[in-house]
1. If one puts a single equal scatterer on every Cα of segment B:32-215 and applies the Debye formula without solvent, what log₁₀ I(q)/I(0) results at q = 0.12, 0.14 Å⁻¹?
2. Under 19 Å between alpha carbons, and skipping anything fewer than 8 positions from A:LYS139 in its own chain: which lysines qualify?
3. Let me check against my output: what whole-number percent is the relative contact order of segment B:32-215, with C-alpha pairs under 8 Å and at least 6 apart?
4. Summing +1 for each Lys or Arg and -1 for each Asp or Glu, what net charge is found among the other residues whose Cβ lies under 14 Å from the Cβ of A:GLN53?
5. How much space per residue, in cubic angstrom, does the convex hull of the C-alpha atoms of segment B:78-128 take up?
6. For segment A:177-186, take each phi angle, set θ = phi - 60°, evaluate the Karplus expression 6.51 cos²θ - 1.76 cosθ + 1.60, and give the result in whole Hz per residue in order, putting x for glycine and proline.
7. Which cross-chain or sequence-distant (5 or more) residues have an amide H under 5 Å from the amide H of B:ASP115, H modelled 1.01 Å from N in plane?
8. Using a cut-off of 11 Å between beta-carbons, work out the net charge of the residues near A:LEU171 (Lys and Arg +1, Asp and Glu -1, A:LEU171 not included).
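Read-outs: derived from the displayed coordinates by stated rules, not from any lab. Quick caveat, the model's predicted, so the values are computed rather than measured. Using ideal geometry, Cβ is built from the backbone for each residue, glycine included, and neighbour counts are taken over all protein chains shown.
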Amino acid sequence: MEAWKSHVRAALIHRDCLQKDPFSGLFTKMSRLEEMLNLQMGVWEDLEIDRIQSPNTNGVLQCPVEEKNPLKLYLQLKEEEQVRQKLAQKVSDLTSDLYLKEAELQYCHSQVSRYRTEAVLLARGACCLKNDLSEYEYKLECQSKQLATLQSEQRSLREELALVRQEKEELLERWLEEKREEAERINKHNAALEKWNSYAGRLNRRLYSGPRRQTRPTTNSRVIQRDSADQPSTKQD
Amino acid sequence: MANEAHGRGEGAGLASNSLDLSTSLERSVQTRIFKIIVIGDSNVGKTCLAFRFTGGSFPAKTEATIGVDFREKAVEIEGERIKVQVWDTAGQERFRKSMVEHYYRNVHAVVFVYDVTKMASFENLKTWIQECNGHRVSASVPRVLVGNKCDLVDQIQVPSNMALKFADAHNMLLFETSAKDPKESQNVDSIFMCLACRLKAQKSLIYRNVEREDGRVRLNQELNPKTSCPC
């Protein structure tokens with residue numbers, strides 16, 4: 001034998017030893033032999049009962065050579081009967097199995113149909129969802145584009161807002177500056193007016209109080225000049 | 001004779017010159033201006049009060065005053081025409097920065113305004129008075145306290161007696177009024193008219209004092225106010 005073949009055989013045997021029950025064949029054979037033994041024992045007992053019940057006249061057993069073939073046939077018949085019973089039993093088992101399987105099959109069919117219906121429904125749903133998904137994807141794309149546009153708009157608006165705020169601040173500053181100048185102007189005007197009124201009033205009163213002493217009338221311009229010198233001299237009166 | 005006649009003629013000319021001068025001087029005396037500033041917290045109604053006095057109505061919409069708004073109203077007190085110059089100041093700090101010194105320069109009277117429906121605006125009056133004193137405003141400058149928005153009767157937070165105590169403690173007159181309520185317009189006018197009268201009386205006294213300083217007491221030139229003052 002070639003080396004590789006022996007190697008394969010050894011490997012297969014090793015695998016059988018590992019994976020299978022090593023004594024399964026032996027037990028099967030032994031149970032079959034026990035059955036055969038029981039059968040033959042049964043046949044033997046039947047024959048014994050028959051012989052006891054129907055002995056020949058002289059009480060001697062009939063020739064075994066003559067009975068040899070019918071015995072064999074009888075044994076064969078019994079064996080065949082047993083085989084037939086076994087087969088009938090097997091057929092019956094198989095039939096019940098078949099019914100069971102048929103029932104299971106029907107159940108499976110119903111399940112299949114149910115699952116199919118469900119699958120169809122789910123497929124439809126999936127289709128709808130897929131459509132929705134594609135629609136949403138489209139919408140998302142549109143919205144992302146819009147968002148990008150809006151973001152850029154927002155950015156530009158923010159920049160504009162910052163500019164406008166800056167302009168507003170500048171305007172506010174300018175306005176405040178204007179107001180400050182205006183306030184200063186008005187304050188100066190008020191002060192000048194007050195001064196003017198004061199001096200004019202005083203001059204008027206002096207004019208009324210001492211007309212005889214006044215040899216020469218004073219002009220407004222001189223009054224102003226004297227005013228600018230801040231205090232009119234009493235000596236001139 | 002000729003000299004006499006000439007002298008007489010010169011005398012007549014002098015008299016006419018003196019009259020002309022006097023007339024021109026009288027003309028040159030312009031309407032006096034009383035500068036009154038209105039200060040207080042933002043949104044207490046300073047602008048509305050000033051507008052009510054100068055414009056005679058309640059403004060439909062007002063914005064925050066930036067810097068200062070100038071308003072004027074000519075009034076006649078005891079036959080003298082006087083311009084009341086109302087400085088409506090900004091209440092918000094950011095709108096009044098670097099303006100404050102202008103507010104208080106040569107101010108004749110100060111109106112402190114608070115909102116009767118906001119206790120905080122009343123409590124802040126101390127700060128406003130401190131600011132006023134910090135700018136060397138003389139104690140002789142008349143000051144009045146005005147509680148605005150009296151028409152909101154249900155929301156009043158500052159009781160009158162409390163405001164009165166405060167006003168007394170700071171030697172101020174107290175007015176409680178509403179710039180919005182047309183019935184109160186007389187009251188608003190009286191705030192400024194009262195100040196104008198006091199100022200006129202004060203000024204007359206100042207003139208007399210000035211004359212005293214010159215070494216002449218002129219009792220015949222009485223410029224004291226007559227009894228026609230509305231306050």
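1. For segment B:32-215, the Cα-only Debye profile gives -0.54, -0.74.
2. Output for A:LYS139: A:LYS130.
3. On the way: 314 pairs, mean separation 44.0, N = 184.
Dividing the mean separation by the residue count of segment B:32-215 yields 24 percent.
4. On the way: positive: A:ARG51; negative: A:GLU45, A:ASP46, A:GLU48, A:ASP50.
Within the 14 Å Cβ shell, the charges total -3.
5. Spread over its residues, the Cα hull of segment B:78-128 gives 121 Å³ apiece.
6. For segment A:177-186, the Karplus-derived couplings read 4, 4, 5, 4, 5, 4, 4, 5, 4, 5 Hz, x marking Gly and Pro.
7. Distant-sequence amide H within range of B:ASP115: B:SER121, B:PHE122, B:ASN148.
8. Working: positive: A:ARG165, A:LYS168, A:ARG174; negative: A:GLU167, A:GLU169, A:GLU170, A:GLU173, A:GLU177, A:GLU178.
It works out to a net charge of -3.
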